[in-house]
Amino acid sequence: MMAQMRDLMTPSTRSTDGGSTNNMVQPEAPQKTITTGIDAIMKRCNHQEPAKMVNDVLTGMYSNQYLAGRTLTGVSGSGKEAKEPMDPEVVNGIIERVTASFPKTAPSLVRGMMRQKLANAVKTVRRKTEQ
């Protein structure tokens, strides 16, 4: 547990005495931890296939309810009401890491895998509300 917390802390928030949390140095300005969060989840996800990795990362970061209400860009292709877009920084971070793990996988394919996961989340949420 402590190792996971240590991995999530930014270098400027680590303690100077080697492990005591009493003497923590506070950062001057808040830093984004989106990429750190993606990296922490990437360590625990499936590395056999790109689609499995994308599914594991998205389900590790978000609930199905959240995913069902989002699209990658926020634009509706079918003329229906547009949904909220996912954070572009998160989307690009996932694409970068998946293409780094699977160099033969094009970014457009990773986006398609993410789109499929969002569509599956919509179906899952719809099924749960019908019951």
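The values are calculated or read from the model by the stated rules, or taken from the named source; none is laboratory data. Keep in mind that what you see is a predicted model, and the values were worked out from it rather than measured. Heads up, the Cβs are rebuilt from the backbone with ideal geometry, glycines too, and the neighbour counts pull from every protein chain shown. The area values use the complete protein model at the heavy-atom level, side chains included, leaving out ligands, DNA and RNA. Shrake-Rupley method; radii C 1.70, N 1.55, O 1.52, S 1.80 Å.
A few points about this structure:
- Leading residue by the ranking (least open to solvent (accessible area, probe 1.4 Å)) among those in segment 77-124 that are among the charged types (D, E, K, R) and in a loop (DSSP other than H, G, I, E, B): Asp87
- Residues satisfying the stated conditions in segment 38-59, i.e. open to solvent by less than 50 Å² (accessible area, probe 1.4 Å) and either at pLDDT 90 or above or assigned to a helix (DSSP H, G or I) (or both): Ile38, Ala40, Ile41, Met42, Pro50, Ala51, Met53, Val54, Val57, Leu58
- Per-region count, segment 98-131, residues under 10 Å from Pro50 (Cα atoms) and in contact (Cβ under 8 Å) with a residue 12 or more places away in the chain: 7
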